[in-house]
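**Student:** Got a structure for you, written out below as structure tokens; questions coming shortly.
The values are calculated or read from the model by the stated rules, or taken from the named source; none is laboratory data. In this text, all values refer to a predicted model and were calculated from it rather than measured experimentally. Here the Cβ positions follow ideal geometry from the backbone for every residue, glycine too, while neighbour counts run over all protein chains shown. These accessible areas exclude ligands, DNA and RNA; they are computed on the full protein's heavy atoms, side chains included. Shrake-Rupley method; radii C 1.70, N 1.55, O 1.52, S 1.80 Å.
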Amino acid sequence: MTVREFLRTVWDGKWYVLAAVVIVMVAAVFYLNRQVTTYQATATVQLNSVQSGGGDQGSSAVTANTDPTLVTSLPVAEAAAEELGGGADPQSLASRVSASYDADTLVMTIQADDAGPVRAGALANAFAKAYVAYLPTVVDQQAAKIEKQMDAASKQVTDAQATLRKSRSDPKAKALQSSGTDTLNSLTRTWSAYGSLNPPGQVSRAATAGVPLGLGRGSVLAISFLAGLAAGVGLAFARRGVDFRLRTVAQAAEIADAPVLAEVDGVKRALKDSRHQGRLPVASRAATPYTESIRELRTAVQVSAQHSDKIAVVVTAADPSAPRSFIAANLAASWALSGRRTIALSGDMRRPELDEILPAPEGWEGDPRSLRPTQVPNLSLYPVPDQPLDPADFLATSQARDLVASLREQAEVLVIDAPPVLAAADATILGSYADGAVLVASVGKTDQLVLAEAVKRLRVNNVHLSGLAVEGITGSRRMAYASTYGDSAAADTTPESSTREQSAPESSPGGGGKTRAERRSAVPQRETSAQPPAAARPATSANTPSPVHAAATTALPVRTVPVTTGAVRTAAPSLRQGRPRIQPAWSPVQNRPRTGAVAVVEETTAERPDATPGAR
């Protein structure tokens, strides 16, 4: 899985993630509000040591009993309770105290827990003082044990000496005498060392106010947030595991086993703008990801039809939620704006939408149930037929077949808006009358099984599937680049740059000190001086310029150039509104790329008796 797929899965399950985070955070706050904070204070007691023995016999460190359980023993607890006062139970106090001993540093660490930080410190100090006060008693108990061991060793030596007096060569008696003597000497040194332990220990560090145990409130909330986030992401992936809707364009192409003709981007934004502006997005000059994807779809369908002079295509969908009619209307308008006579047929007799998307021009009066014009040039609409029959029954009649054939004869391109494939048999019937079908699918909405079944139904009925138009994808960098390509040319045609260009003199040979703009304006005047007045030229219907061409000819300088056939071609820059766009074209006359579109009017030499080949 790529990072993009991971983020897309999380975004699709964002409500699961949000719900998990909120639930876990609320539970954490509830827990923190009900939890009683416990504070812990620490005091340390340094135990003293004395070296026992001397001479060659070596020595060892002697300390008081280091058993940590002595800290919580009953005598120490009673002394601590008396120190604290208040009649507290010694055993209850001892249950909140713990101790540990470090043999390397001879330090006894005493820790006390309490609901209050001050009380925790006082409890630790009380037990530390009581323990230090109890240490001399512990040392005395240890010395008493040593004395008992000394008496036993002394008795062993006395008995051995008595045996040797009777039998000087008794080896056992000699061994008992020797070991007893050594033990007695060692115990004597240890007993003396215990007597030197004064004091056995002291409090090395008193406890201060206790610190709260466990994680702080901020840490608990942070961990809860991360836990909720992890749980939400897990739910999002679990949802993905049981979600069988389309996720990617490649997945749609694999399921349908058909090419993706276009990735229709920005449909929601285009629908919103269309309702607000009252016109189709492709009818405006603005280039958006949606309009570029519609033009890409038009080109792909035309290539699929092998550039036929007459094309009939059905636009249908795999499920009812796909914006099929809106895409069909813009596809038809795109063909019409490219100069081809186009008819859009509203073939969805159950839920017609194309009639509202392509309204008639303002002031038009005619039969609303017959072929009528639209607000898009070269585009006509045949509204949904009013028939008492079931739509599938009517579409299967010869009347519907003849209607489609008649519309195909009247137009170069026929775009048929058909209902979803699985909703009824309408789409497959209309698809049999056309050259191909475009199946619209939505990423994140169309079920994979529904798409597969729709494709299967089209192919079973011998409907040629040209390809898929997949919508619902997020904006891609490719579409963003395609829709903004050429905008950088505006930086070279700003008014400031034009002003500087006109005012800057050019020091080229023969310039005569004229500015660049003056020399440019002088060239068309010389070239058009040999052109007869417009009234002297015979006007024919085939060569009469359109109003736009006429406006361009009268408003801007015109240049005449010769061609090899003897005809004279006049060209002038078009009066395009808005920011200029780069449209590469190749001129056989100028032999260089031209920027922008040009309006061209051709006149034959018969109409221009004064125009001879080679004249400028």
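**Student:** Only one of these conditions is not met by residue 232: (1) closer than 26 Å to residue 414 by Cβ; (2) of a type outside the set (A, V, I, L, M, F, W, C); (3) in a helix (DSSP H, G or I); (4) open to solvent by less than 20 Å² (accessible area, probe 1.4 Å). Which number is it?
**Tutor:** (1)
**Student:** Is it the case, given these coordinates, that residue 421 is crowded, with 16+ Cβ neighbours inside 10 Å and modelled with pLDDT of 95 or more?
**Tutor:** Working: crowded, with 16+ Cβ neighbours inside 10 Å: yes; modelled with pLDDT of 95 or more: no.
So residue 421 does not fit the description; no.
**Student:** Out of everything in the stretch 446-470 that is assigned to a strand (DSSP E or B), out of contact with any Phe, Trp or Tyr (no Cβ under 6 Å at 6 or more places or on another chain) and not β-branched (Val, Ile, Thr), what residue ends up being surrounded by the most Cβ atoms within 10 Å (Cβ to Cβ)?
**Tutor:** Of everything passing the filter in the stretch 446-470, 469 is surrounded by the most Cβ atoms within 10 Å (Cβ to Cβ).
**Student:** Which residue, of 303, 315, is within 30 Å of residue 448 (Cβ to Cβ), of a type in the set (Val, Ile, Thr) and open to solvent by less than 10 Å² (accessible area, probe 1.4 Å)?
**Tutor:** Exactly one of 303, 315 is within 30 Å of residue 448 (Cβ to Cβ), of a type in the set (Val, Ile, Thr) and open to solvent by less than 10 Å² (accessible area, probe 1.4 Å), namely 315.
**Student:** Evaluate the stretch 37-46: report whether one residue or more is out of contact with any Phe, Trp or Tyr (no Cβ under 6 Å at 6 or more places or on another chain) and within 30 Å of residue 183 (Cβ to Cβ).
**Tutor:** No, there is no match, as no residue in the stretch 37-46 is out of contact with any Phe, Trp or Tyr (no Cβ under 6 Å at 6 or more places or on another chain) and within 30 Å of residue 183 (Cβ to Cβ).
**Student:** Return the only residue of 388, 361 being open to solvent by less than 60 Å² (accessible area, probe 1.4 Å) and assigned to a loop (DSSP other than H, G, I, E, B).
**Tutor:** After ruling out the rest, the residue left standing is 361.
**Student:** Only one of these is open to solvent by 20 Å² or more (accessible area, probe 1.4 Å), in a strand (DSSP E or B) and at pLDDT 85 or above: 263, 296, 254. Name it. Break it down stepwise before answering.
**Tutor:** Details: 296 fails: in a strand (DSSP E or B); 254 fails: in a strand (DSSP E or B).
Within the list 263, 296, 254, the selection yields 263.
**Student:** In addition: List the number of the failed condition for residue 316; all other conditions in (1) in a helix (DSSP H, G or I); (2) touching a residue at least 60 places away in the same chain (Cβ under 8 Å); (3) in contact with a Leu (Cβ under 7 Å, 6 or more places away or on another chain); (4) within 20 Å of residue 382 (Cα to Cα) hold.
**Tutor:** (1)
**Student:** Give the residue that is modelled with the lowest pLDDT, with candidates limited to residues of the stretch 332-356 that are assigned to a helix (DSSP H, G or I) and buried (at least 24 other Cβ atoms within 10 Å of the Cβ).
**Tutor:** Step one: list which residues in the stretch 332-356 are assigned to a helix (DSSP H, G or I), which gives 332-337, 354-356.
Those still in the list that are buried (at least 24 other Cβ atoms within 10 Å of the Cβ) too: 332-336, 354.
Working: 332: 95, 333: 95, 334: 94, 335: 94, 336: 94, 354: 91.
Ranking the qualifying residues of the stretch 332-356, first place goes to 354.
**Student:** Among the residues of the stretch 141-186, how many are closer than 30 Å to residue 66 by Cα and surrounded by 15 or more Cβ atoms within 10 Å (Cβ to Cβ)?
**Tutor:** Here the count works out to 12.
**Student:** Which of the residues that make up the stretch 459-473 are among the small types (Gly, Ala, Ser) and more than 21 Å from residue 447 (Cβ to Cβ)?
**Tutor:** Just the residues of the stretch 459-473 that are among the small types (Gly, Ala, Ser), to begin with: 466-467, 469, 472.
466 - this is the single residue of the stretch 459-473 that is among the small types (Gly, Ala, Ser) and more than 21 Å from residue 447 (Cβ to Cβ).
**Student:** Hey, can you tell me all the residues within the stretch 419-445 that are in contact (Cβ under 8 Å) with a residue 60 or more places away in the chain and in a loop (DSSP other than H, G, I, E, B)?
**Tutor:** Listed by number, the residues that qualify are 419, 420, 421, 422, 423, 424, 434, 435, 443, 444, 445.
**Student:** Also, I was wondering about something else. Can you name every residue in the stretch 393-418 that is of a type in the set (Gly, Ala, Ser) and either modelled with pLDDT under 90 or in a loop (DSSP other than H, G, I, E, B) (or both)?
**Tutor:** 396, 411, 418 - these are the residues of the stretch 393-418 that are of a type in the set (Gly, Ala, Ser) and either modelled with pLDDT under 90 or in a loop (DSSP other than H, G, I, E, B) (or both).
**Student:** Select from the stretch 160-204 the residues that are closer than 30 Å to residue 127 by Cβ, of a type outside the set (S, T, N, Q) and not in a strand (DSSP E or B) and list them in ascending order.
**Tutor:** 191, 193, 194, 195, 197, 199, 200
**Student:** Can you find a residue in the stretch 10-26 that is closer than 30 Å to residue 187 by Cβ and among the acidic types (Asp, Glu)?
**Tutor:** No, there is no match, as no residue in the stretch 10-26 is closer than 30 Å to residue 187 by Cβ and among the acidic types (Asp, Glu).
**Student:** Still on this model: Mind listing just one residue for me: the one in the stretch 62-92 that is of a type in the set (A, V, I, L, M, F, W, C) and in a loop (DSSP other than H, G, I, E, B) and, of those, most open to solvent (accessible area, probe 1.4 Å)?
**Tutor:** Ranking the qualifying residues of the stretch 62-92, first place goes to 88.
**Student:** Okay, next question. Out of the stretch 266-290, which residues are at positive phi and at pLDDT below 85?
**Tutor:** Matches in the stretch 266-290: 278 only.
**Student:** Would you mind finding the one in 225, 237, 244 that is over 15 Å from residue 451 (Cβ atoms), open to solvent by 70 Å² or more (accessible area, probe 1.4 Å) and among the aromatic types (Phe, Trp, Tyr)?
**Tutor:** 225
**Student:** With the condition kept exactly as written, say whether any residue in the stretch 371-378 is closer than 15 Å to residue 434 by Cα and buried (at least 18 other Cβ atoms within 10 Å of the Cβ).
**Tutor:** No, the stretch 371-378 has no match at all.
**Student:** I need the full set of residues from the stretch 1-22 which are outside any loop (DSSP other than H, G, I, E, B), surrounded by 14 or more Cβ atoms within 10 Å (Cβ to Cβ) and of a type outside the set (D, E, K, R), in order please.
**Tutor:** 9, 10, 16, 17, 19, 20, 21
**Student:** Hey, does the stretch 73-85 have a residue that's touching a strand residue (DSSP E or B) at 6+ places or on another chain (Cβ under 7 Å) and in contact (Cβ under 8 Å) with a residue 24 or more places away in the chain?
**Tutor:** No, there is no match, as no residue in the stretch 73-85 is touching a strand residue (DSSP E or B) at 6+ places or on another chain (Cβ under 7 Å) and in contact (Cβ under 8 Å) with a residue 24 or more places away in the chain.
**Student:** Does residue 99 qualify as being within 19 Å of residue 45 (Cα to Cα) and in a helix (DSSP H, G or I)?
**Tutor:** The answer is no for residue 99.
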